[in-house]
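The structure appears below as structure tokens.
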Amino acid sequence: MSVRSTTRPDGPDEGRRARFASQYALSSRKLFRRVLRRGQIDELRSAVGADGLITGNSQLQTYECDGLTNFRVMPDAVVLPRTAGEVQAVVRLCARDRIPFVSRGAGTGLSGGALPAAGGIVISLARMNRILKVDLANRQVVVEPGVINAHVTQRVAAQGYFYAPDPSSQSVCTIGGNVAENAGGAHCLKYGFTTTHVLALDVVLPSGELVQLGAPALDAPGYDLAGVFVGSEGTLGVATKITLRIVKRPEVVQTLLAAFDSIQAAGQTVSDIIAARMLPSAMEIMDALSIQAAEAAVHAHYPICKGLLLVELDGPGSEVEELMRAVKELCRNNGAWEIRIAQSERERALVWKGRKAAFAAVGRISPNYIVQDGVIPRTALPRLLDEIERLATAAGLRVANVFHAGDGNLHPLVLYDRAVAGQEEKALELSYRILRLCVDHGGSITGEHGVGKEKQEALGYMFAEPDLATMQLVRCAFDPENIANPDKVFPRPRLCAEKPGPYTPHPLETAGIAEIF
């Protein structure tokens, strides 16, 4: 089944975006009505055991949202499988009865990607948390999806290796969730995102079939289906085993802090460093508000300034020494009034602790805030930061900026007070306008947090209808019944299945705008 559209929207107009913002703001109303039958619940219990099934309302509330708490939906049931076979049994039941399911890691996502589907099942992978194999000779580690990101590095650090993707939540987020969102982190500037470090996956397809995508060998023949799966946000199946690539720890690591009188000057320095043909392992920027929050939370001893630049270089000692001299000179050329290099591993760890704590720390300076995630070309950084400041001033709101400056991945945090009438709506509108600015400057609506539920409408602003339809063909090839994390990512249901469950006419069909064929 597919939908032939007789109109082509170019993106969310003001009315659609306002309605979406209203839904977002009021989504704390919990949607809950039991749809699963007793017999289906009994089958789930048989599949995962009595201790692997949750149906009580008070326990289900734990799973009603992820890190984006504005959206809340209560699942009918949560299963906690321990093996790929148990995952298969659950998914086969879902496929047979067209029950929507959502796989979940640690629930740290910030776009509503793990939001349950009404009347559906959450497959929590928390109990599949074993590191199955460490192969140092081939620089590979095989893990289950519930393994915590930081635990991979901890397992191989003594042998001089590490796992490069390092999202801010790496101490609690899981590899399965990282795979779903193609997670990044500060050091992905040099080492690449999750997709660079995933060689192979065992995946339970929405049909219940277990397949292997990719291969432990580099550059395997055939289509790069592992690359398709990484970043698919749970819409193509459930990963049950993942082969990761690890890298050798560099000889020397040096971390520099530079204080500027403006965040724009810090941004220009980033562009100058890249233009000088240097590739630091990380380049991060924090503004005055995010510095204030981080200092209050972890006492990182940052200089109090308008723009703070963190630059980390790694590699052979002589190379790092020479490059650090060049970085210092570029910082001075752009007006840096304090330049500091971490003198010990403990001091370096504190620098990064402050940066990685920034999102949560903002709660110390604002009762509510929206964490946004967009990407722009590096050269547009100073100009876009000016525009964000102008929009925030016009809206009467504050925006804290903290971001992966090296690859242009912005994380503006829009601060507001929900208790003040109308502020949440203003904050939502400002956050969406920032995303549109990113697209207008040749960037993207997301760099690592994913589209999920939050940015569905914005995806329609970034991509034209033929682009979206082509992406849907891929999704439909994996999941023709649309039961795997349905009603996520795309602006509206389309093509292979409108909604899980019995067919109901699509509003576009009823209005005569589209026809089903």
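For residues in the range 108-131 being without any contact (Cβ under 8 Å) to a residue 60 or more places away in the chain and touching a helix residue (DSSP H, G or I) at 6+ places or on another chain (Cβ under 8 Å), which is farthest from THR235 (Cα to Cα)?
Narrowing the range 108-131 to residues without any contact (Cβ under 8 Å) to a residue 60 or more places away in the chain: 116, 122, 126, 129-131.
This time we only want the ones that are touching a helix residue (DSSP H, G or I) at 6+ places or on another chain (Cβ under 8 Å), so: 116, 122, 131.
Details: PRO116: 13, VAL122: 13, ILE131: 25 Å.
Applying the filter and picking the extreme gives ILE131.
Just give me the residues in the range 152-181 being polar (S, T, N, Q) and more than 13 Å from LYS248 (Cα to Cα), in sequence order. Correct list: GLN154, SER168, SER169, GLN170, SER171, THR174, ASN178. The helices (runs of 4 or more DSSP H) found entirely in the range 336-435 that carry 1 or more residues being more than 25 Å from the chain's Cα centre (by Cα) are 345-356, 381-395.
Condition check for ARG92 on (1) surrounded by fewer than 18 Cβ atoms within 10 Å (Cβ to Cβ); (2) modelled with pLDDT under 95: one failure, at (2). Condition check: surrounded by 15 or more Cβ atoms within 10 Å (Cβ to Cβ) and farther than 23 Å from LYS353 by Cα. Does GLN254 satisfy that? So GLN254 fails the test.
Residues of the range 274-290 that are touching a residue at least 60 places away in the same chain (Cβ under 8 Å) and of a type outside the set (Ser, Thr, Tyr): ILE274, LEU279, PRO280, ALA282, MET283, GLU284, ILE285, MET286, ASP287, LEU289. Among the residues of the range 96-121, those identified as within 18 Å of ASP42 (Cβ to Cβ) and among the hydrophobic types (A, V, I, L, M, F, W, C) are ILE99, PHE101, ILE121. I want to confirm something. Restricting to the range 33-82 and keeping residues that are surrounded by fewer than 17 Cβ atoms within 10 Å (Cβ to Cβ) and in contact with a strand residue (DSSP E or B) (Cβ under 9 Å, 6 or more places away or on another chain), which single residue is nearest to ILE370 (Cα to Cα)? Residue satisfying both the conditions and the ranking: THR62.
Among what's in the range 267-314 and is of a type in the set (Asp, Glu) and under 24 Å from ARG383 (Cα atoms), pick the residue that is farthest from the chain's Cα centre (by Cα). Can you show your working first?
First pass over the range 267-314, keeping only residues of a type in the set (Asp, Glu): 272, 284, 287, 295, 312, 314.
In the following step, the residues that additionally are under 24 Å from ARG383 (Cα atoms) were identified as 272, 284, 287.
Working: ASP272: 28, GLU284: 18, ASP287: 22 Å.
The qualifying residue farthest from the chain's Cα centre (by Cα) is ASP272.
Considering the range 98-150, the residues that are assigned to a loop (DSSP other than H, G, I, E, B) and β-branched (Val, Ile, Thr) include one that is surrounded by the fewest Cβ atoms within 10 Å (Cβ to Cβ), namely THR108.
In the set (1) more than 23 Å from LEU80 (Cβ to Cβ); (2) out of contact with any Ser or Thr (no Cβ under 6 Å at 6 or more places or on another chain), the condition left unmet by ALA200 is number (2).
Does GLN154 meet the test of being in a loop (DSSP other than H, G, I, E, B) and in the same structural domain as LEU201 (by TED's automatic domain parsing)?
Values: in a loop (DSSP other than H, G, I, E, B): no; in the same structural domain as LEU201 (by TED's automatic domain parsing): yes.
Judged against the criteria, GLN154 is not a match.
For the range 358-376: of the residues being in contact with a helix residue (DSSP H, G or I) (Cβ under 9 Å, 6 or more places away or on another chain) and surrounded by fewer than 17 Cβ atoms within 10 Å (Cβ to Cβ), which is farthest from ALA150 (Cα to Cα)? Within the range 358-376, the match that is farthest from ALA150 (Cα to Cα) is ARG364.
Residues in the range 262-278 that are more than 25 Å from ALA349 (Cα to Cα) and not polar (S, T, N, Q) were compared, and the one that is surrounded by the most Cβ atoms within 10 Å (Cβ to Cβ) is ALA265.
The values are calculated or read from the model by the stated rules, or taken from the named source; none is laboratory data. This one's a predicted model, so the numbers in the text were calculated from it and none came from an experiment. Neighbour counts run over all protein chains shown; Cβ positions are idealised from the backbone, glycine included.
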